[in-house]
Amino acid sequence: MNPRLLLVISAFVTWLSLVANVCAQPGSFVLRAGRVYPVSAANPGPIERGFVVIRDGRIEAVGASDPAMPVDLPIIDMPDATVIPGLVAAVSNLAGPHQGEESISAAYLAADEFDQYADYRRILAGGVTTVHLSPGDHRLLAGQGAVVRLAGRATARVLAMTSDLTVNLGEGAHNPPRIVDLLVPPSPDQMITPARPQRPASRLGQFIALKDAIESALRDQEPRDYDIHLATLGDAWLRGLPVRVQVHRAADIEAAIQYLSAAGRHGYLVGGWEAARVADMIAAADLPLVYTIEAVFRQPGANFGPDPDALDPNLADLARLAHLRLALATTTAANLEDFRLAAAMAQRGGMDEFRALAAITRIPAEILGVADRVGSIEPGKDADLVILTGRPLETSSHVSRVYVRGRLAYERPMRDAAVVRAGTIWLGPDKTIRDGAILVENGKIAAVGTRVPHPPGAHIIDAGPDAFVTPGFIDALGHLGFDGDRSSLPPELSLATIIGPSGTSEHRVAKAGVTTVVSAPYSPAATGSQVAAIKTAGHDRDSRVVSPTAAVYFDLSGVDHAGIEGRLRPRLEAGKRYADSWAKYYKDLEDWEKKRAAGETTEAPTPPPQQETREESAPADPITGTWSGRVSGGPIPQAQEGKVVLQLTGTTFEGRVVEPPVPVNHKIVATLSGKTFTGRIEIDQAGFPAPTLEGSLVEDDRMTGTISVMGFAANFEARRIDKSAVEFRAPVRRATASKDGRPTPPKVDEALEPIRALIEGRIPAVIDVRTPPQIKAVLDVAEQWKIKVVLLNATGAEIHASRLSDAKIGVIPPPAVLRETRTGPYHQADDLARRGVPVAFQSDAEDGARTLPTVALFAVNQGLSADTALAALTVDVAKMYQLDDRIGAIAPGRDADVLIFSGHPMDAGSTLLRVLVGGREVEP
Amino acid sequence: MRYVLVSCMIGLGIGAVSTANVAAAGDGPWSSPPAKVALVGARIIPVSGPEIASGTVLIEHGIITAVGRDVRIPFDAMEVDLEGKVIFPGMIDPHSARGLDVPNENLPVAPFLDVYDALDPSRLFFEDSLRDGVTTIHVIQANNLVIGGLSRAVRPIGLTVDEMTIHPQIGLKLSTTPRSGYDRMRQMASLRETFDELAHYESRLAERKYEESLRDKPIDVGPAEARERGKALVKDEDYDDRHLNLMRLKRGDLSAWIYAGRATDVGPAIALAEQQGFLDKTVLVLGPESFKAHAEIKRAGVPVVLDESLYFRDRDPITREIVEVFVPSVMYANGIVFALQTHPSGSMAERYLNYQAALCVRNGVPRQTALEAITLTPARMIGLEDRLGSIEPGKAGNLVVFSGDPLDFNSWVEYVYIDGILAYDRAKDHRLQRLLDLSRATSPQAPKPADNSEPKPEGNAEPANAPAESSRPTTRPQRQGGQP
C-alpha cells in the first residue's frame, strides 16, 4: 500500500479517536481566558492569559499559558474573559423556615427542602454555584443545614446532606408555639395532655434549653417514648457536626462564644451585625464569621420605623473584622442573583478585591466544610467556574457563563453589543480620550466616553492601558471587487449590485485594518462611472455597502485642459434638466399636499387622459363583448382555450385576455375595416416585439385569424358569448397627474441619477487630472456648476494649493508616496497637507489595499505628521466622499468599524491587535 | 357465589342505588344469571396475547375458561352474538380516591385507617366507572397526607362495600410530597419519625413479650438480648392499631403507594422504601413534573402511576418559552412500567382510561404498552394479575364490549361483564339515554342471539318474540318504571 496513504489513514483514525474521546467526555476541555483568579490560598491570582484544564468535571491543572497543555482536549478560548471559582453563598433563602413547631429539634433537614430538579439558572446568572440551606431562623435549634450546588445531575447536587446544627440566638427564636400532641385514639396509657409550652421565652432560657436538650438527648439513649427531635439531636451531636450560630447582637455573640468553648464544639457565626464590637473575642476564640451584607438593590428597603433597637449593618465594620476568618453573605431577604454585587460593595467597607473575592468563594467553602470540592480553582476540585466579562468585583462586569462540574450550566444570551476599552481612543487629529470606552450596539457606535453603558450580555474587550483605538481605515480609491475586470462600467451600473459576502481577498484587506474601500472601475465611462464605498467584511450586501454611489468618476487625464469644460458640460446639463424635473415634481407634490391638507379641491385641473370608461356601444356593434376562443398551430404545442373581452370605439377596438389570467399588463389594439381587422397585442416588458393580429369576422359573432410574432404564426378562432360592453382600466401609462390631482414623478433615469446627486451636492465627482491647467479647468467647472470634486492623481495640485485649501477640495495623490522631480524626491501628500489641503491615500489596486497602512507609515517616515496620516486614512477621506456620517470617525451613530492597536498606529512598534467591522470582529 | 348475591340484589331492585339503574334489572321471578356464558363472534383483544379477529370467550361460573377462535361451546351456555364488537379486558383504575366521601383524613399519620369505612357504594363515580368500562377500582386515600390507611380493590357494582370488594387490603398510601400545611422538611421528619418510632415500638414490644414469657422468673439477660429473644414471641395481634399496618407494610403483606408529586420527591420516596425494605412492593404515584426523575425511577425499578395530565408544560426561566413533554413517552423510552389513571373531574376526556391510552399511542407509545397500562399493569400493581387484567382462561370474567376499537374514540362501551354477569348495557343506561336522547334516535344495537340469523329491525317491538329469557337475559325488555 502507498505509505503516504497509510499515513493519512492512520492520522485520520487517530483524529477520529480523539474526537470520539472528546465527545464522550463533555466535562473535559481546556479553558483559556484573559485572566484567571484561582483564589486558592497559595495563588489568589490573577493569572494573565491563564488556562484551566478540566477533565471529567474536575480541575486537572491551572496556570499561565503553558506549552505542556494537553492536546487531546478541545480548547475553549475566551481572550476577553475573566475566570473565577463558582461563588459560595453561605446564606440563602432556598430552604426554610420549616413548618415544624418544636423549639429544639434536629429532625428537620434543610436538604429535604431542596428541589434537586429545579432550574436555578436565574441564580446561576449571578455566579452563585454553591449555596448553604438553612432549616430556618425561627427556632432555637432549627435543625440541620445542608450544602448543595445549583446545577449538574440532580442526584449529585447535594454536597453535604447535613453540614451543621443550626442554632438561632436572639428575639427571632423566642416564644415558640405550644405543642399539642394529638392522640388517636386516646387511651388510659396515652392520655390527652394540655398544650406543652416550650423554651426559650427570653435570652435567659435559650442556653438552658439547649444544654438541657443536648444532655437529655445524650443521656437517655433508651427513652420510654420515642422522640425523633431529641434522637436526631443526640445523633448529630455525637457525629460532631459544627454548630452554626445565627446571631447578630454583641451580647448573644459573646454568650455563643462562651457556650461553644464550654461545650467544646467548633462552630461558626452567621450574621454578626454587631460583631465589630466583640471582634477581639471572636478572634481569640478563633471562630469564623459569615458577615451578612444587606443587599438592597432591586428596590429601596423597608423602613425601620421608630424601633431604636433595629439592627443596622454597617459596611465600615468590615475593616474592623478584617483580621477574622471572614466570609461574606447576603441576608435571606436578598436576591441571590445580586450576591456578587453585594460582595463588591464590601470594598467600600475597606476590604480589598482579593479578600472580598476570597470571602465569597474559598473562605465560605472552608467554613461550610466543602473546601475540598469547591471554592477555588485548584487541581482536584470540581470545575465550578464562573466566566465574567471583566474584573470579578466590578460593577460593570457580568457573568457570561457558568460551568458546574465542567458542564455549561448557564450562558447569558449575548446581545449584539460590545464594549471596547482602551487607554487611548483617537477621535481626530489632537483629539483623544484617555482610558475611554466605546459601546457598540447593532453594528453602530452607541456611545463614546470614559464611562459608557455596559449592558449585560455585551461582549467586553478590554484592550489595556496602552491600546490605541482608531476608526477603520479607508482606501480612497481602489478596485476591490472588480476581480481584474478592466472593461468600462456603464454610467447606470453600480458595483454595489454584485456585492455579496466578503471573501478571501476582502479578508486580507480587512485584516490589515482597511475596513472600507471606495471601489472604482479600472476605466470609467466617458460619461462618468459610479464608484461604490464597500466594507471589506460582512456577511451580506446590506452590511457591506456603505454607499452604492459614493461619487461619479471621470478620467480626464488624457483630455486637453481646453476640452475639459466641453467634456463635462453636456453631461452636467443633462443632469441639471433631470434634477430640475425632480425638483419640480417635489415642489408640485409639496404644494398639492399643502392644498389637500388645507381641504382645497382635490380635483385635477384637467381631466387626466385615458381615464374615462368606454360608453356602451350601439347594439349593432359586431365586436364589443366577451369572446371565447382557441389559439392553435404554429409554435403552440397544444391548443389554448381562453376568453377575451373586446370593446369597439369607432373603428378601433381594444381588448384584454381574461382567461387564463395574464400576469402582465397587456392590451389588444386593432382596427376594424369592414369585416377584417388588423392590430397587435401590446405586452409590457415582453422582451419581444408586439405580436400582430390579422383576422376577419366570418359570420355574426364569430372571427378567425392569425397571430404572428417573430416569424411564428398561430391561428385563432373565437365566438362571441356575451355582447354586453365591458369596462376595463386604462392601460398603465405615465400620466402627468392622477385623478385626485396628485403630481406623478418623472421617469427614473439610472444613468442620470449619479449626475443628479452630483448636481444636488450629495456626492462629489472624482476626477483624474494631472496638469495644473487641467486642474484649473476642473476647478472652474466645479465653481461654475457648484459641484463638489475630489482630485485624483493631481500631480500638479500644489500650484493651486491655496485655491484647493480655500475650497476644501480634497486631493488623492498617486499611490506612490514619493515622486522624483528635478529638485529631488517630492512628497506631495505632506506638502499639500501642510498647506491645508485634505489628502487621502489610494491603493489603485484590489487586495493591494492591504498595504495601505504600510504606505501611510512610509509617508510618515518621509515627513508626514502621524496624525495627518491617520486623518488621511479615516476622517478626511470620509469627508471627501461625504460619508462621514457613517464611517471614518469614532462617534455615536457611526458604523462600528474600529481598529485596536497596541500603540499609535504610526509608531513602528505598534501592532494591529483586533479589527471590528460593523461591530463584528474580523478573525485574525 | 358472588354473582348470585349481586344479581339477587339487582333483581330485588332495592333502592335507587346507582347500579340498579345501570345493571341489567330483572323483574322477577328471580332468574339467576346463566352459569355459563359464551360471547361469540367478536374481535377479542386479550392484551396478554395476540388479537383474535373473531373468536369466543367462554365464561363459566364467573371465570373465563376458554378463549379462542374455535371454542367448543357447552350446550347449556348462554350464547351471545357480539359480531362486529370488540371484547377487551375490564379496565383497572389503579389509584382513585373518588369512591371515598372525602379524599383525605386530616390526621397526617393515620395508618390505622381503612377506606372500608369511607367507601360509599352509592357514589355516582362507580356508575360512571362502569359506564366507562372500568371493572376494578383501587380505592386509596388521596395525596394530601403523610401516611394513610388501608386501601382496597373494588368492583363498581354492589350495594355494600363487602359486595363490591375484590381484595380488602392492597396497600398503604404514603407521600413524600408535603401535605397542606407542611413543607418538605416537616413531611420527611414526619415520615422518618413514624418508621423510627415503629422500630422503637417493636423492640420494646419484643422486650416486653420476652419478659412476659419468663412469667415470674427474674430477667436473666440484658435488654438487647431480651429484644432479640422476644422477637420470635411477638404475634400480629400483639401490635396495636397504630403500628399493625406499618408492620405488615414492612413485612411485605401490603404494598406501598408513595406519592411523589415533584421530581425532587422521587429520590426520598425510593430511599424510604429501600431503607424500610419494601421497595419491591412499592408503586410510585407521580405528579406531572415527577417524570424528570426518570433515571432514579429506572434505577429503582419501581412501577409508577402517572398523573392524569399526561402532558407536562414547563416555562423556561430565562427565555419564557414553554416546553411540552409527553410523560408516558419518557417513561416508555426509559423502560419504566407505568399505569394510567383517570381524571378526577368527570367532565374531561381524560376521565376515560381508553382515551388516556389512545393519547399514549398517538404520542408514539406502542399500542401494547398503552393497552397494558390500563389493564395488566395496574392488575400487577395491586397484586391481582392472576385474576384480573387480561382475557385468559382462569381469570375473572371481567370484560368490556366496545362497539369498535377501544382506542378509537368513536367507539363506546356497549356492555360490561363483571365476573360473567352483564353489569352494564348501554341500551338500558337510563341516564345516558336521557342525556343523549337515544330513545328518539336509533336504538343501540342489542346483542343478537347466535341462532337468529336474520337481522332484526332495531328498537321498539323487538322483545315480543325474544327467545327464552334464560338464554337472553341481556335483551330482556325493560319496563318503564321498573318496579314490580
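The values are calculated or read from the model by the stated rules, or taken from the named source; none is laboratory data. The shown structure was predicted, so the numbers you read here are calculated from the model rather than taken from an experiment. With ideal geometry, Cβ positions are generated from the backbone for all residues, glycine too; neighbour counts draw on all protein chains shown. These area figures cover heavy atoms from the full protein model, side chains too; ligands, DNA and RNA do not enter into them. Shrake-Rupley method; radii C 1.70, N 1.55, O 1.52, S 1.80 Å.
Per this entry, residue A:99 is counted among residues that are within 11 Å of chain B (Cβ to nearest Cβ), without any contact (Cβ under 8 Å) to a residue 12 or more places away in the chain and open to solvent by 20 Å² or more (accessible area, probe 1.4 Å). For beta carbons closer than 9 Å, sequence separation of 6+ or different chains, a first residue in segment B:359-372 that is under 16 Å from residue B:45 (Cα atoms) and surrounded by fewer than 17 Cβ atoms within 10 Å (Cβ to Cβ) and a second that is aromatic (Phe, Trp, Tyr) and at pLDDT 95 or above, the qualifying pairs are B:366/B:332. Evaluation of residue A:225 against the conditions (1) surrounded by 15 or more Cβ atoms within 10 Å (Cβ to Cβ); (2) within 14 Å of chain B (Cβ to nearest Cβ) shows that the sole unmet condition is (1). Of the residues making up segment A:469-495, just one is open to solvent by 10 Å² or more (accessible area, probe 1.4 Å) and assigned to a strand (DSSP E or B), namely A:489. Going by what's in this entry, would residue A:392 be described as in contact with a Phe, Trp or Tyr (Cβ under 7 Å, 6 or more places away or on another chain) and outside any strand (DSSP E or B)? Yes: the conditions hold for residue A:392.
Residue check: is residue A:158 within 14 Å of another protein chain (Cβ to nearest Cβ), under 30 Å from residue A:117 (Cβ atoms) and modelled with pLDDT of 85 or more?
When the stated conditions are applied, residue A:158 passes them.
Within segment B:377-398, the residues that satisfy the criterion of being aliphatic (A, V, I, L, M) and either open to solvent by less than 10 Å² (accessible area, probe 1.4 Å) or assigned to a loop (DSSP other than H, G, I, E, B) (or both) are B:379, B:382, B:384, B:388, B:391. Among the strands (runs of 3 or more DSSP E) confined to segment A:78-168, the ones with at least 3 residues that are touching a Leu at 6+ places or on another chain (Cβ under 6 Å) are located at A:128-133, A:141-149, A:158-168.
Summed over segment A:48-95, the residues that are in contact with a Ser or Thr (Cβ under 7 Å, 6 or more places away or on another chain) and open to solvent by 30 Å² or more (accessible area, probe 1.4 Å) give a count of 4. Kindly list the number of the only condition in (1) open to solvent by 40 Å² or more (accessible area, probe 1.4 Å); (2) under 36 Å from the mean Cα position of the chain (by Cα); (3) not small (Gly, Ala, Ser) that fails for residue A:325. Single failed check for residue A:325: (2). Of all residues in segment A:378-395, one or more are surrounded by fewer than 24 Cβ atoms within 10 Å (Cβ to Cβ), hydroxyl-bearing (Ser, Thr, Tyr) and either at pLDDT below 95 or closer than 28 Å to residue A:145 by Cα (or both).
Residue count for segment B:196-215 under the criterion of being more than 9 Å from every other protein chain (Cβ to nearest Cβ) and either surrounded by fewer than 18 Cβ atoms within 10 Å (Cβ to Cβ) or farther than 30 Å from residue B:225 by Cα (or both): the result is 6. Being closer than 22 Å to residue A:155 by Cα, within 12 Å of chain A (Cβ to nearest Cβ) and among the basic types (Lys, Arg) is the requirement here; does residue B:262 meet it? Criteria met by residue B:262. If you go through segment B:223-259 and keep only what is open to solvent by less than 40 Å² (accessible area, probe 1.4 Å) and within 14 Å of chain A (Cβ to nearest Cβ), you end up with B:226, B:243, B:245, B:246. Taking the listed residues A:629, A:655, A:625, the one that is surrounded by 14 or more Cβ atoms within 10 Å (Cβ to Cβ), under 57 Å from the mean Cα position of the chain (by Cα), closer than 20 Å to residue A:702 by Cβ and modelled with pLDDT of 80 or more is A:655, with no other qualifying.
Scan segment A:229-262 for residues that are under 56 Å from the mean Cα position of the chain (by Cα), under 18 Å from residue A:281 (Cβ atoms) and open to solvent by 20 Å² or more (accessible area, probe 1.4 Å) and the total you get is 5. Within the set A:124, A:94, A:109, the sole residue that is of a type in the set (A, V, I, L, M) and at the interface with chain B (Cβ under 7 Å from one of its Cβ atoms) turns out to be A:109.
The rows are residues; the columns are (1) within 25 Å of residue A:49 (Cα to Cα); (2) within 14 Å of chain B (Cβ to nearest Cβ); (3) modelled with pLDDT of 90 or more; (4) open to solvent by less than 60 Å² (accessible area, probe 1.4 Å).
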residue	(1), (2), (3), (4)
A:407	yes, no, yes, no
A:444	no, no, yes, no
A:453	no, no, yes, no
A:459	yes, no, yes, no
A:467	yes, no, yes, yes
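Of the residues in segment A:304-317, none is under 20 Å from residue A:124 (Cβ atoms), in contact (Cβ under 8 Å) with a residue 12 or more places away in the chain and not hydroxyl-bearing (Ser, Thr, Tyr).
Considering segment A:338-357 alone, what residues qualify as being in contact with a Leu (Cβ under 9 Å, 6 or more places away or on another chain) and in contact (Cβ under 8 Å) with a residue 40 or more places away in the chain? Listed by number, the residues that qualify are A:339, A:340, A:341, A:342, A:343, A:344, A:345, A:346, A:347, A:353, A:357.
As a summary of the residue check, residue A:233 satisfies the conditions (1) free of Cβ contacts under 8 Å to residues at least 12 places away in the same chain; (2) within 14 Å of chain B (Cβ to nearest Cβ) except for the one numbered (1). Quick one: in segment B:173-185, of everything that is buried (at least 23 other Cβ atoms within 10 Å of the Cβ) and facing chain A (nearest Cβ under 7 Å), which residue is farthest from residue B:97 (Cα to Cα)? Top of the filtered list is B:185. Counting only strands (runs of 3 or more DSSP E) that fall entirely inside segment A:800-889 and contain at least 2 residues that are touching a residue at least 40 places away in the same chain (Cβ under 8 Å) and open to solvent by less than 10 Å² (accessible area, probe 1.4 Å), the qualifying elements are A:810-812.
For segment B:85-135, filtered to residues that are among the charged types (D, E, K, R) and open to solvent by less than 10 Å² (accessible area, probe 1.4 Å), the residue that is nearest to the other protein chains (Cβ to nearest Cβ) is B:93. May I ask you to say which residue of A:150, A:141 is more than 10 Å from every other protein chain (Cβ to nearest Cβ), within 27 Å of residue B:320 (Cβ to Cβ) and open to solvent by less than 10 Å² (accessible area, probe 1.4 Å)? One residue alone meets the criteria, A:150.
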